[in-house]
1. On C-alpha positions alone, give me the angle between the axis of helix B:265-283 and the longest principal axis of chain B, in degrees, nearest 10.
2. So if each residue of separation counts as 0.36 nm, and I subtract the Cα-Cα distance between A:Arg608 and A:Val734, what length gain in nm does that give?
3. Just for the Cα atoms in the protein assembly as shown, what are the lengths along the principal axes, largest first, rounded to whole Å?
4. On a 0 to 90° scale, report how tilted helix B:417-433 is relative to the longest principal axis of chain B, with both axes built from alpha carbons and the result rounded to the nearest 10.
5. I need the calculated FRET efficiency for the pair A:Lys223 and A:Lys507, taking r as the beta carbon distance and R₀ as 60 Å, to the nearest 0.05.
6. Between 0 and 90 degrees, rounded to the nearest ten: what's the tilt of helix B:527-536 against the longest Cα principal axis of chain B?
7. Take A:Ser725, B:Ser508, A:Ser627 and order them by how many other Cβ atoms sit within 10 Å, fewest up front.
8. Between A:Asn763 and A:Leu440, how high is the FRET efficiency from 1/(1 + (r/R0)^6) when r is the Cβ-Cβ distance and R₀ = 35 Å? Nearest 0.05.
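Readers should treat all values here as calculations from the given coordinates under stated rules, not as data from a laboratory. Computed from a prediction, not measured in an experiment: that's the story for all the values here. Quick reminder, even Gly has a Cβ in these numbers, built from the backbone with ideal geometry, and neighbours come from all protein chains shown.
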There are 2 protein chains.
Amino acid sequence: MNDASNLWKVTTNRFVNEKEAIMRNGNIYQISNGYMGYRGTLDEFRSEELVGITLAGIFDKVGDAWREPVNAPNGGYTEIYVDGEEVSALKTAIKTHRQTLYLKNAKFERKTTFTVKGKEVTINSERFLSIDKPNLLVIKYSFSCSADTEIIIRTGIDFNIWDLNGPHLTEVNSTVSRDVLVVDAKTHEAGIPLAVAEAIDMNFGAEKHINEKNRILREINLKAEAGKTYSFNKYSAVFKGQDTPDNNVKKAADDLVNEAKNAGYDECLKAHNIKWQKRWELCDVIIDGDKEAQLALRYSIFQLLIVAPVKGSSNSIPARALSGQVYKGAIFWDTEMFMFPFFVHTYPEVAIELLRYRINTLDGARRKAQSEGPGYRGAFYAWESQETGDEACTYFNIGDPITKRNLRTHFRDRQVHISGDVAIAQWEYFKMTGDDSLLLEGGAEVILECARFYYSYAYFKKNKNRYEVLDVVGPDEYHENVHNNAFTNMVVKVTFEVAIATVYYLKSKYPDELKKLIDKIKISDEIDGFREASDLIYLPEPDPETGVIEQFDAYYKLEDVSREELKKRIIHPDEYMGAGQGIAVQTQIIKQADVIMMMNIFKNRFSREIKKANWEYYEPRTEHGSSLSACAYAMVAADIGKTDYAYNYFLKTAKLDIEAKYKVYVGTIFMGGSHPAANGGAWMTAVFGFAGLSADAEKVTINPNMYKKWKSLTFNLIYKGDSYSLTVTGKNVVVRAMKSNRAGRLFSVNGKTIECQPGQELNFKY
Amino acid sequence: MNDASNLWKVTTNRFVNEKEAIMRNGNIYQISNGYMGYRGTLDEFRSEELVGITLAGIFDKVGDAWREPVNAPNGGYTEIYVDGEEVSALKTAIKTHRQTLYLKNAKFERKTTFTVKGKEVTINSERFLSIDKPNLLVIKYSFSCSADTEIIIRTGIDFNIWDLNGPHLTEVNSTVSRDVLVVDAKTHEAGIPLAVAEAIDMNFGAEKHINEKNRILREINLKAEAGKTYSFNKYSAVFKGQDTPDNNVKKAADDLVNEAKNAGYDECLKAHNIKWQKRWELCDVIIDGDKEAQLALRYSIFQLLIVAPVKGSSNSIPARALSGQVYKGAIFWDTEMFMFPFFVHTYPEVAIELLRYRINTLDGARRKAQSEGPGYRGAFYAWESQETGDEACTYFNIGDPITKRNLRTHFRDRQVHISGDVAIAQWEYFKMTGDDSLLLEGGAEVILECARFYYSYAYFKKNKNRYEVLDVVGPDEYHENVHNNAFTNMVVKVTFEVAIATVYYLKSKYPDELKKLIDKIKISDEIDGFREASDLIYLPEPDPETGVIEQFDAYYKLEDVSREELKKRIIHPDEYMGAGQGIAVQTQIIKQADVIMMMNIFKNRFSREIKKANWEYYEPRTEHGSSLSACAYAMVAADIGKTDYAYNYFLKTAKLDIEAKYKVYVGTIFMGGSHPAANGGAWMTAVFGFAGLSADAEKVTINPNMYKKWKSLTFNLIYKGDSYSLTVTGKNVVVRAMKSNRAGRLFSVNGKTIECQPGQELNFKY
């Protein structure tokens, strides 16, 4: 049974007291609710163990250090003393330990039995971040002893915060008022108020309050009886300025913990579980016949669901989700190209938040175009985008461990495909959902401004009568400042196409809105240019002999060395292979899928033969130095019938975070944390790759490339606002339309196209 | 008196027995005759002391090592034994030592008195490379002892050759025939035959022949009488395959040494001296009132004259002249931009050879355009050009002493200004001499093919209605892959202008030749494009506030750090500051004059105010990591009236080789050797800078910027084939036309323009 409980949880029965293991488990066992993430650390851990409560959408910068998200004080802190001796997994002998992450509802649980002075002491705690009340953390903490014992519990708020580039909080105050502990502070840069409140629900012991330098605690003394289990519940709330109309974050936090305490643990959990159940109904994918793949895929989907932005927040999803401050909490192209497809196919209300985030940060993209110039117009989206859309990526983005110098990279100023990635996603949402409201709300403006940026960026080559896109970085970041990167040129072309389609659509349906928009951004003279450029832009052609598309001008002239040979040249384990003089720069070894990524995103523009030729050429030359790479190779491998390869790459992407074996240093920069783009890639490989689903404005096409060991693959699809359940086997495709669907939609399997009416079940053989 | 003998020689009275000093003296005291260079080493020195006889126009490549000029076996070798003990500056106690380089006739002399076993032994030798017979080396060797002594002289040919990337000679044979020693061999790559013969003229002692592994020697024993001076003469000839119609290099060398021996030392020297006298009559510059400057300038002129290519050879001048194999013996833009002006103004028959070299290597430039592509057309001249014009510059041109890796530089593929430098010089010769024969001989074809290359390289920016030149390296090599480098864009524009002027001139005067040329290279459709591009090419404008021209797009965005601050970041003394991640790359510190070089070459296109603003901006930001830099700053400083600065930079460039204190390692690459471009810069600073001479097709303009300590500056000029002597003082300019001149020419001083008739003397006050 695939829904057997062990396919709905991640668990370990040992505790390894090493910094590295604690860091990796902090990632694997993290919980999150879109508002904040809480790393998978134990109750008694502190900043040295990378306890982190990372908040979405609030950033801060200290001095010249990198701007990054703010971590909140830890209202989940509890320590315990047995007969005067502190009990901690870091210090005390452990008899048994188990920690578990429940995927059904994002609940973390730990149970540890310690041996202290000949007695056994068991701590059992569980916690969840409410998706019903996103500001709320709820914890149940229990303990029992094998003999009568003097117990001291110290529980409260720890504000000695783990930060990569902090401290971000100043004017920190801790107070106790009507039995609620409150820590409030302001951020360093913008003075945004932040408050964490904590209330407990305990029916034993005598409590006093202790105000330490970095903690505010309740101290409870009791004589615990042998064998008896003592439990209490903790409710902690985090509020930041923008969460409350009056900035009164202390009051909001205080109110919420009181409200939660009044409701009680079980009620809070129930409201949380109901919402989680709905999420899984929408988003689960069931693989029949492969437990390893099932768990890895479900964990990947789980990772995406826990960081789905809170409704109405207009937040997006950072590249390391809410697992910490790595990558500055920034939003990359990862979101549009690797996560957005999952949401738009299964959970469009989350997709809307992701798109709104880009609409709301359009001015930041305009500012970037202005400042990166000269002569850039329109919207050049940030490579690393925070709350305003201004660029967070530094020009010197990677440290060189050999010279200790910071290396200039051109991710920020030359990875121009980002604007097209954003624009294409805006249009994709409309195509998939039929919902044009976002176009009117700003999506059309985003699209036109991105096209305008490309028009200002591209050059015309008169003697070849074509536009070219020069001096860029493609997805393969080992090769900077290249000309006519095939991927980028295609993104630019499609952006022009999308811009023209947008104008055409608005003209026919909303002519007044179009006129207003054109007047507002004064773009009427430029649209003919977009049309010409979309026709005349140069797309590198497959070689007539080999079928291979050259990744960029003169790529073939680079040294054709194997990955193994290249790695022999490494002189420092953390050295970066790109950036000017890295060892891959002058070779054909690429960081990640680039031409193959193009063939994945724009799969209908290339024949199977061309995809095969390119997969076979580039695959051995890819170093997979990015977690985005594996899924592109997986999907194209499935597409060309290399399902064994597809499966291996699928497992690589799907198991990335559940195993957490990834490299955590690039150059001198710490990069640990979760990989939602790879998780999105796992879902895409299952649904787009093996199930072979591809939907456009006209129809849903399913051309399966099933993996031989899988009996079936079952998943849901929301298309044009209607819901479908699909099951794909090695022989047939079953499409079930919900009764509540509003209209029939076309489904096509292996060239056979049928309209699937509401409530209808279609069974295609193939 | 400026022609006092100590202003015509370089001399030292000490011998420093250290590798570094021997290497530097080898450069300072080198002699050359355009056919070959002979480093300033002592008779008894061998390859360890960098004895080098470097040949012009013959190159060889061994394995994967760099292709470089061939060094010939040393027919000047002599060692001496006193009472059985070898006498050598490297081993024997030296009582006195003097070595002298005579500038009047490029003669090297050494006189050393050794103390050996209580006796004093004096060796006195002198040598010259004949400019009457360029294959010939002539030596007079004398010795005397303070007491009767058993002497053994071993003299002959040493073929243990110093090579940077050798050995280049294979199949080495040494023979003795009719009292002539001959070593013959072939080059490794192309099998070009090479022979060195040696004859001596000696009237004492008994001779036998010794054939060692790497030497063929005569051994002469004698009992030398106390106080008596013994002398003999050595004649050595070098011939390479292309010097003889039948490849019989052995016979040619044998014949020449016999001929020379028959004529005798004095006759050989006399013929040599007569030609040298003529050279100095044409080329000397006399500074009255500044001995230091006089000697340094004369030494600089001397350096240019010794490497003037042999008439009819179509050789050019390598960047390190014939001082060794450094820089692969290659010809750079140095020749056209820094040496050609000297020759075209004083000694046009040498200028012709330099231009013919480029005409003869046009096919190599075409091949480079083809192979560097994609889509390049026309002539992309080699950044480092050898005998065929194919590119000798490697993509990995500099070694990194920190990582021991070779650094990718873009000198080869992006320093595109080289083609324009070549084209402009072809036109400049015509403008200065009025001689259009070289245009017809191939110069026009060179110019059109260079313009064609630029047209294929440039891009059009539609929304700005302009051409741009992207992804180049300007003279400032610390900043690679830049866009719209002001210098390069100007060179490209002028190249288009010159191409159009060439077409216009040929059309009016040689319409049939023009038609033939256009048909031959099929360029008729492209000439309108050149015209449009010359109008619409983007030239970065001076900032309206500051007057400064930005060196390239976004240069101002780079870190504005001082040279001193930057140097504190150095972690290895030999690390290169450019190439991808060098410490200057992301700063405004530049390697050498770039914008200022543009204002120097194209001086009439910029106002004095703009030059001043740019000089003041860029001078403190220039690291002078190239020997080409100082003279550009000197000339523009003179032009804007900063004559003290001009003087300091003048001395820097003029004293570079006479002091030989330059850095000899860049990265891991040995760079020692002479700097003919800097020497050309010294002449240009005197004549163009301080005398303020600038000649164009219409007239000669003289706007002096005299240095306050100089009483006068006297020099010759050949203009439109006529000869003039000019004297500039702080107050007036005297122009004397030779009686033999064919026509009157316009001279303009301070706005006053007068035609100077044959035989006339004009005296302009200013």
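1. 20 degrees
2. Answer, rounded to one decimal: 42.9 nm.
3. Result, largest extent first: 122, 79, 65 Å.
4. 90 degrees
5. 0.15
6. Roughly 70 degrees, rounded to the nearest 10.
7. Numbers: A:Ser725 14, B:Ser508 9, A:Ser627 25.
Neighbour counts put them in this order, fewest first: B:Ser508, A:Ser725, A:Ser627.
8. On the way: r = 39 Å, r/R0 = 1.12.
Between A:Asn763 and A:Leu440 the formula returns 0.35.
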